[in-house]
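Visitor: Attaching a single structure in structure tokens format; questions to follow.
The values are calculated or read from the model by the stated rules, or taken from the named source; none is laboratory data. These numbers come from a predicted model, not from an experiment. Counting neighbours? That spans all protein chains shown, and the Cβs are built from the backbone with ideal geometry, glycine included.
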Amino acid sequence: MSRLSKSKVLAIFLVSLLMVSMAVGCRSLSKVETKPSEVKTEEKVGRTAFPLKLMDDARREVEVKEKPERIVSLAPSNTEISFALGLGDKIVGVTDFCDYPEEAKSKEKIGGFSDPNVEKIVELKPDLVLATGMHQKILGDLEKVNLKVFVLDPKSIGDVLGNIEVIGKLTGEEEAAESLVTKMRKKIDDVKKKVAGLSDEKKPLVYYEVWNDPIMTAGPGTFVYDIITIAGGKNIAADAAERYPKYSLEELVNRDPEVIIATEGSMGSPGKIKERKGWEGISAVKSGRVYVIGDENLVFRAGPRIVDGLVEVAKFIHPELFD
């Protein structure tokens, strides 16, 4: 592959990462603000009363007057959450990248997640559009035609749980959301309990490969960083000033990670890391502690499966603690 082609592929990949991690820093679940309005009608679905007002992640107060019946999702993460809450039959439009669950593939397509087709969205006549922080530039266009747009922009696993609860309120599926969050919290808590007694010395230094040329990893303010920390590891990029820092091979060797985790596909055959020239002196390579995640969406996509990614990474980092 030419250097130009590699640059193009890298750019495309980074755009997908930016969709789920738009700014440095993490917001805790406790900071997710909701502002239900006073009940003006008798319409209630479960514990949700309509109309209601909620504050989205763009700091906008959005009023939903009735239970949504037609929903357009502008991100794979929002699509996964919606289907997990039993809203599949109400989803009328998704992006070209919404590939999970399988039923999502058969929904009407509204374009890419970074460049959705506004005319197509309007044509579908949704009463709720679930957007992300990447869609600020089209908010005005959608609001001009009186579409209700709610922005979800999670930066941590806690934020993902909070967003699931908020979507549950927006759609009248509060109980389904609480049930899903409870199951996700259990997986998180199970991991935390297993690694709780570890001393700092027993927490291995972890390198997560985002890209191989140039060498790139995930630093503070990313889901991967959150996952490694919760799973009882120490991220080699803990001191990074950016979310996706780049390293020279010499610097990576000097940092000497004890565990290497990578993904298949666009990462340049991470399964062959052991064969890379110059990598043979890294502790993780010498000890055989090089692992491959089959589906990168488990750690990069802000949906219900992110806790499955956490469990998988935790097993890589501390196989002695998991069956």
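Visitor: For a quick check of your reading: which helices (runs of 4 or more DSSP H) sit entirely within the range 222-323 and have at least 1 residues that are closer than 29 Å to Gly197 by Cα and small (Gly, Ala, Ser)?
Guide: 283-287, 306-317
Visitor: I'd like to check something: does the range 82-93 contain any residue that is surrounded by fewer than 15 Cβ atoms within 10 Å (Cβ to Cβ) and farther than 23 Å from Arg243 by Cβ?
Guide: Yes; the residues of the range 82-93 include at least one that is surrounded by fewer than 15 Cβ atoms within 10 Å (Cβ to Cβ) and farther than 23 Å from Arg243 by Cβ.
Visitor: Give just the number: which of (1) touching a Pro at 6+ places or on another chain (Cβ under 8 Å); (2) crowded, with 18+ Cβ neighbours inside 10 Å; (3) in the same structural domain as Phe300 (by TED's automatic domain parsing) does Ser283 not satisfy?
Guide: It is condition (2) that Ser283 fails.
Visitor: Another question about this same structure. Please identify the pairs in which a residue from the range 204-216 that is more than 13 Å from Ala237 (Cβ to Cβ) has its Cβ atom under 7 Å from the Cβ atom of a residue that is of a type in the set (Val, Ile, Thr), counting only partners at least 6 apart or on another chain.
Guide: Within 7 Å, the pairs are Pro204/Val259; Pro204/Ile317.
Visitor: When you scan the range 132-148, do you find a residue that is of a type in the set (A, V, I, L, M, F, W, C), crowded, with 23+ Cβ neighbours inside 10 Å and touching a strand residue (DSSP E or B) at 6+ places or on another chain (Cβ under 7 Å), even just one?
Guide: no
Visitor: Looking for whichever is hydrophobic (A, V, I, L, M, F, W, C), over 22 Å from Arg305 (Cα atoms) and in contact with a Pro (Cβ under 7 Å, 6 or more places away or on another chain) here; the options are Leu205, Leu249, Leu198. Which one fits?
Guide: Just a single option satisfies the conditions, and that option is Leu205.
Visitor: Which ones in the range 207-248 are of a type in the set (Val, Ile, Thr) and in contact with a Lys or Arg (Cβ under 8 Å, 6 or more places away or on another chain)?
Guide: Ile215, Thr222, Ile228, Ile230, Ile236
Visitor: Restricting attention to the range 82-131, and to residues there that are hydroxyl-bearing (Ser, Thr, Tyr) and modelled with pLDDT of 95 or more, which single residue is farthest from Met184 (Cα to Cα)?
Guide: Looking at residues that are hydroxyl-bearing (Ser, Thr, Tyr) and modelled with pLDDT of 95 or more, I get Ser106.
Visitor: Identify all residues within the range 161-175 that are in contact with a helix residue (DSSP H, G or I) (Cβ under 6 Å, 6 or more places away or on another chain) and among the hydrophobic types (A, V, I, L, M, F, W, C); write none if there are none.
Guide: Passing the criteria: Leu161, Ile164, Ile167.
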